[in-house]
Amino acid sequence: MLNSRHSIPSDLNTRIEQLGKQLGFNAIGFSSIDLGATETQLTKWLELGYHGDMDWMAKHGTKRTRPHELVPNTLSIISVRMNYLPPNGLDPISALNHPTIGYISRYALGRDYHKVLKQRLEKLAQGIQHWVDEFGYRVFTDSAPVMEKPIAVQAGLGWMGKHTNVLSRDAGSWFFLGEIYTDLPLMPSQPITEHCGHCTACIDICPTKAIVAPYVLDARRCISYLTIEHKGSIPEAFRKAIGNRIYGCDDCQLVCPWNRFAQTSPETDFRVRQQLDRRSLVELFLWTEEQFNRYLEGSAIRRIGHERWQRNIALALGNAPTQNIVLEALEQVYHSTSSAIVREQCAWSLAQHQSTDGHADHH
């Protein structure tokens with residue numbers, strides 16, 4: 001398709017922004033497809049092995065940093081931001097301070113964001129079609145080799161925080177990102193200046209010291225990576241530090257001063273489901289695979305599968321106070337699971353309680 005064929009209204013950016021707001025996006029920006037600086041940083045990060053076993057980070061070659069290689073004829077990127085902080089959740093600090101509760105990252109307490117954002121982005125693209133001739137586009141949300149955060153920064157939606165999340169003065173960092181790659185020649189937005197200053201709160205709080213330098217995350221140490229992306233046993237060096245975090249980690253966001261300005265989301269889809277903000281570890285641990293799939297239908301958590309779910313909770317139970325209910329649950333799953341990874345994790349966790357309880361050793 002020849003881009004010169006597009007007859008483009010002069011106020012197209014403004015129209016797209018207005019429609020985006022009506023569709024529930026909190027900010028909309030526009031950028032070119034030049035990600036040269038990002039490509040250099042990504043190459044270095046991959047060479048250091050910081051992506052761990054996220055092989056997909058490396059396998060797409062330059063498609064991740066050259067949008068026109070991923071979607072031919074791409075000229076511009078529309079970038080959107082949608083707040084997700086649920087208005088009805090248990091205070092996250094309270095959840096972290098209750099070692100018998102399973103802590104789940106705030107973004108995963110409601111409906112799977114991939115579905116919510118993709119549907120809205122599709123509506124936005126359909127709206128644009130009313131104003132221009134047929135145009136080429138493809139929508140993304142954390143779903144392909146797309147450098148979402150650097151794109152959002154170029155589109156003026158925020159700046160890159162030292163924890164490698166995008167930050168905004170009026171929304172903090174509790175938001176999802178999405179993109180539309182398009183062959184429309186749109187006017188790029190102005191990037192905004194960064195406002196982290198000398199603050200290192202996110203680096204200092206990280207339980208596993210995963211932020212190895214400002215703006216550099218070693219995913220292999222990151223609790224979100226270890227509990228969600230990592231397939232095998234969780235390295236023993238990090239088990240104590242993980243505490244009761246069973247799916248993701250928000251510590252670097254919880255301490256960020258800019259999150260004082262975060263807005264809760266009016267989206268009913270992001271409201272807490274199944275009381276996931278306050279459930280006991282033992283209760284979650286004893287869900288069968290069938291229950292796991294049923295209770296977490298439409299949730300991003302289902303992506304990790306029942307085995308990783310049990311692995312994570314078994315670990316957290318090793319960090320929980322020694323109680324009969326905890327020991328019995330670990331024993332029960334240890335003897336009934338067919339997963340070597342879950343069994344090994346149960347054994348480690350039972351051993352953590354040995355000093356306070358004379359339970360048999362497991363080998």
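The values are calculated or read from the model by the stated rules, or taken from the named source; none is laboratory data. Note that the structure is predicted; figures quoted are calculated from it, not measured. Cβ coordinates were reconstructed from backbone atoms using ideal geometry, including for glycine residues, and neighbour counts include every protein chain displayed.
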Inset, instruction - Kindly indicate which of Pro145, Pro185, Pro150 is over 21 Å from the mean Cα position of the chain (by Cα), farther than 27 Å from Pro86 by Cβ and either surrounded by 18 or more Cβ atoms within 10 Å (Cβ to Cβ) or in contact (Cβ under 8 Å) with a residue 24 or more places away in the chain (or both). - result: Pro185
Legend entry - Residues located in the stretch 70-100, provided they are modelled with pLDDT under 95 and charged (D, E, K, R): Asp91
Inset, instruction - Scan the stretch 254-282 residue by residue and report those that are touching a helix residue (DSSP H, G or I) at 6+ places or on another chain (Cβ under 8 Å) and farther than 22 Å from Leu315 by Cβ. - result: Val255, Cys256, Pro257, Asn259, Glu267, Asp269, Phe270
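Before we move on, is Asp170 acidic (Asp, Glu), within 30 Å of Val139 (Cα to Cα) and surrounded by 13 or more Cβ atoms within 10 Å (Cβ to Cβ)?
no
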Legend entry - So Lys44, is it loosely packed, with under 14 Cβ neighbours inside 10 Å, modelled with pLDDT under 95 and not in a loop (DSSP other than H, G, I, E, B): yes
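Take the conditions at pLDDT 95 or above and either crowded, with 18+ Cβ neighbours inside 10 Å or not assigned by TED's automatic domain parsing to the domain that holds Ser173 (or both) and apply them to Gly358. Does it pass?
no
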Legend entry - Failed item, numbered, when Gln275 is tested on (1) at positive phi; (2) touching a Lys or Arg at 6+ places or on another chain (Cβ under 7 Å): (2)
Legend entry - Selection within the stretch 286-323 - crowded, with 21+ Cβ neighbours inside 10 Å, of a type outside the set (A, V, I, L, M) and without any contact (Cβ under 8 Å) to a residue 60 or more places away in the chain: Gln310
Inset, instruction - May I ask you to verify whether Tyr103 is at pLDDT 95 or above and either outside the structural domain of Glu17 (by TED's automatic domain parsing) or touching a Leu at 6+ places or on another chain (Cβ under 6 Å) (or both)? - result: yes
Inset, instruction - Would you point out which residue out of Thr164, Thr193 is touching a strand residue (DSSP E or B) at 6+ places or on another chain (Cβ under 8 Å), polar (S, T, N, Q), surrounded by fewer than 19 Cβ atoms within 10 Å (Cβ to Cβ) and not assigned by TED's automatic domain parsing to the domain that holds Phe135? - result: Thr193
